[in-house]
Amino acid sequence: MTFNASGTGVALVTPFTKQFNVDHDALKKLCTHVINGKVDYLVVLGTTGESVTLSETEKQEVIETVYSTAKQKIPLVLGLGGNNTHQLCNSFKTIDKKKFSAVLSVAPYYNKPNASGYYQHYKSIVHTSPLPIILYNVPGRTGSNMSAEIQLKLAHDFKSVIATKEASGNLEQMMHIFKHKPKSFQLICGDDNLTLPAIAAGASGVISVVANAFPAEFSAMVAYCRNAQFELARNIHYKFFHLIQYLFADGNPGGIKVTLQELGICKSVVRLPLAPPHNGVQKSIRSVLKSL
């Protein structure tokens, strides 16, 4: 069970029409755009994809659209997580492992499990999943932090736990994981604006939001970082630094969808309970885009 999570992964948005239906034509256009930008893999039905607002039928339709567009040109990672462990494990049994290379599974949200709860949750997934597991720690969304110690214990105890997407924003936690991880275990940055320092500290790459819009540029920055060409990487990092700040200023994926609409790729429609970024943020995004 191997998957190389190095380089640039893209947390794909799910485009919607003005009637809030999945816009499959725009999704195909987006997939082609990011694949042509030479990213390394795509994450389907992640948080940025608004997966919690999609029906099971819609999820399967999104998977089919992305898979048929990618045409095995690029690996696909499936976003599949939740806070009901038993129900989640049943979902893992239905994964089509011919379509996906790994699963990105977010830490349980809302319940706020203790260390043992996190461990037992992922242990249950490991014993059910037909694919390698990428942990996903994002305390800003889940309400609690999955500690470095728990992530490391899972990495050492289970070979199929191959990586972690760290979106805690805590570089010290990331460095602790890198220092004590198994050799083959990969550390993935989950924050676009921390990608450069994270790779400098040992991360193998990023799962990016901004790369939906600027895949070629962000992939180039990641490649420069991984080749220790940090002066070249910094030029790109600071070029997009303020845009990335605005993308997350009033909710994700609202900001990136405004950007994608400006680029003519998809509409900026999000589903409730999300709402579009307020006018000031949208104005700032458009202003930065004009300057790029």
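Structure above, values below:
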{"read-out": "Residue selected from the range 2-19 under the condition under 14 Å from Gly254 (Cα atoms) and not β-branched (Val, Ile, Thr), by the criterion surrounded by the fewest Cβ atoms within 10 Å (Cβ to Cβ)", "value": "Phe16"}
{"read-out": "Any hit, the range 112-133, residues being at pLDDT 95 or above, more than 23 Å from Pro75 (Cβ to Cβ) and within 15 Å of the chain's Cα centre (by Cα)", "value": "no"}
{"read-out": "Listing of strands (runs of 3 or more DSSP E) fully contained in the range 1-84 that carry 1 or more residues being farther than 22 Å from Asp96 by Cβ and touching a residue at least 12 places away in the same chain (Cβ under 8 Å)", "value": "7-11"}
{"read-out": "Scope the range 85-96; condition more than 17 Å from Ile134 (Cβ to Cβ) and part of a loop (DSSP other than H, G, I, E, B); matching residues", "value": "Lys93, Thr94, Asp96"}
{"read-out": "Qualifying residue in the range 128-146 (condition: surrounded by fewer than 21 Cβ atoms within 10 Å (Cβ to Cβ) and farther than 22 Å from Ser51 by Cα)", "value": "no"}
{"read-out": "Filter result for the condition that a residue is surrounded by 15 or more Cβ atoms within 10 Å (Cβ to Cβ), within 23 Å of Thr164 (Cα to Cα) and among the small types (Gly, Ala, Ser), over Ser219, Ser284, Ser268", "value": "Ser219"}
{"read-out": "Selection from the range 23-58 of residues that are farther than 22 Å from Lys165 by Cα, surrounded by fewer than 20 Cβ atoms within 10 Å (Cβ to Cβ) and of a type in the set (A, V, I, L, M, F, W, C)", "value": "Leu54"}
{"read-out": "Qualifying residue in the range 82-99 (condition: surrounded by 15 or more Cβ atoms within 10 Å (Cβ to Cβ) and within 22 Å of Asp23 (Cα to Cα))", "value": "yes"}
{"read-out": "Subset of the range 148-178 that is touching a strand residue (DSSP E or B) at 6+ places or on another chain (Cβ under 9 Å) and polar (S, T, N, Q) - its residue that is surrounded by the fewest Cβ atoms within 10 Å (Cβ to Cβ)", "value": "Ser160"}
{"read-out": "Some residue of the range 96-115 being farther than 30 Å from Thr32 by Cα and basic (Lys, Arg)", "value": "yes"}
{"read-out": "Residues within the range 150-164 that are of a type outside the set (Val, Ile, Thr) and over 16 Å from Lys183 (Cα atoms), tallied", "value": "0"}
{"read-out": "Residue match in the range 206-225 (condition: more than 29 Å from Thr2 (Cα to Cα), aliphatic (A, V, I, L, M), part of a loop (DSSP other than H, G, I, E, B) and in contact (Cβ under 8 Å) with a residue 24 or more places away in the chain)", "value": "no"}
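The rows are residues; the columns are (1) more than 30 Å from Ser144 (Cβ to Cβ); (2) in contact with a Gly (Cβ under 6 Å, 6 or more places away or on another chain).
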| position | (1), (2) |
| --- | --- |
| Leu12 | no, yes |
| Asp23 | yes, no |
| Val39 | yes, no |
| Thr47 | no, no |
| Val62 | no, no |
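The values are calculated or read from the model by the stated rules, or taken from the named source; none is laboratory data. Note that the structure is predicted; figures quoted are calculated from it, not measured. Virtual Cβ from ideal backbone geometry, glycine too; neighbours counted across all protein chains shown.
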